[in-house]
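Read through the structure below, which is laid out as structure tokens, and then see the notes.
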Amino acid sequence: EADIYQTPRYLVIGTGKKITLECSQTMGHDKMYWYQQDPGMELHLIHYSYGVNSTEKGDLSSESTVSRIRTEHFPLTLESARPSHTSQYLCASSLGASSYNEQFFGPGTRLTVL
Amino acid sequence: AQKVTQAQTEISVVEKEDVTLDCVYETRDTTYYLFWYKQPPSGELVFLIRRNSFDEQNEISGRYSWNFQKSTSSFNFTITASQVVDSAVYFCALTGRRALTFGSGTRLQVQP
């Protein structure tokens, strides 16, 4: 069974605040991903990582940044939150370097910026 | 470029009806994988199936079945005897160079 965790599950915050969304997996997966999704809509890749110290931007431009200092941890940071950042953020991981493997998803963080 | 199209935005059925969710994809790759995920109201994506491009056999798992037709670039998903617990958004996805390419999803509402 997949073990990938995201905190917080829900976050309501004011404009201009710095926030970090946490994502951890205990499966030893090399690849990790961040997707942005408006409720019930398409998922858009915003960041991914092949492994430690490897991060790349995804298809959708995002003002967020990520880091990968440890295999199991892939946090996403917004330096100054804005209402346009209101969305659901989903973290995922997959085994190995290939994109052919299934991705395991965390429960998501629903972010609301007032 | 990769593309996944789920033309059905929302489907509503009554419990025990069969329902088919359509998925059409575009890719230039000769080897690729297709996936279906379920997203219940809780928000988490649940993996349902993975199918590689060389295997066109239909697959059945309980009330779920999948029909992969390479000739029409389709990977359709059928739920037999639907239940209220099947209510969710269902996403079809295709392997890409870096990550999965997702369709826009089909919201399935199963009424009691």
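Bear in mind these aren't lab numbers, they're just calculated from the coordinates by the rules spelled out. None of these values were measured; they are calculated from a predicted model. Cβ atoms come from the backbone with ideal geometry, glycine included; neighbour counts cover every protein chain shown.
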- [ ] State which stretch of chain B is the longest one without any exposed GluC sites (Glu not before Pro), exposure meaning a DSSP loop state and at most 14 other Cβ atoms within 10 Å.
- [x] B:57-112
Open item on the list: I need to check one value: relative contact order of chain A, counting alpha carbon pairs closer than 8 Å and at least 6 residues apart, in percent.
Closed with: 36
Task: Efficiency of FRET between residue B:109 and residue A:52 - r from beta-carbon atoms, R0 45 angstrom, step 0.05 - done: 0.55
Task: Rotationally averaged projected area of segment B:52-112 (alpha carbon convex hull; nm²) - done: 5.1
Open item on the list: What whole-number distance in Å separates the alpha-carbon centres of segment A:24-52 and segment B:1-52?
Closed with: 18
- [ ] Can you bin chain B into rounded, prolate or oblate? Criterion: square roots of the alpha carbon gyration tensor eigenvalues sorted a ≥ b ≥ c, rounded for a/c under 1.5, prolate for a/b above b/c, oblate for the rest.
- [x] prolate
Open item on the list: Give me the percent relative contact order of chain B, please, defined on Cα pairs under 8 angstrom at least 6 residues apart.
Closed with: 38
Task: R0 of 30 Å, Cβ-Cβ distance residue A:84-residue B:3: FRET efficiency to nearest 0.05 - done: 0.70
TODO: Along Cα→Cβ, 7 Å out, is where each label goes; now give me the distance between the ones at residue A:61 and residue A:77 in nm to one decimal.
DONE: 2.2
- [ ] Return the distance in nm (one decimal) between the two label points of a simple spin-label model at residue B:54 and residue B:74, each offset 7 Å from Cα along Cα→Cβ.
- [x] 2.6
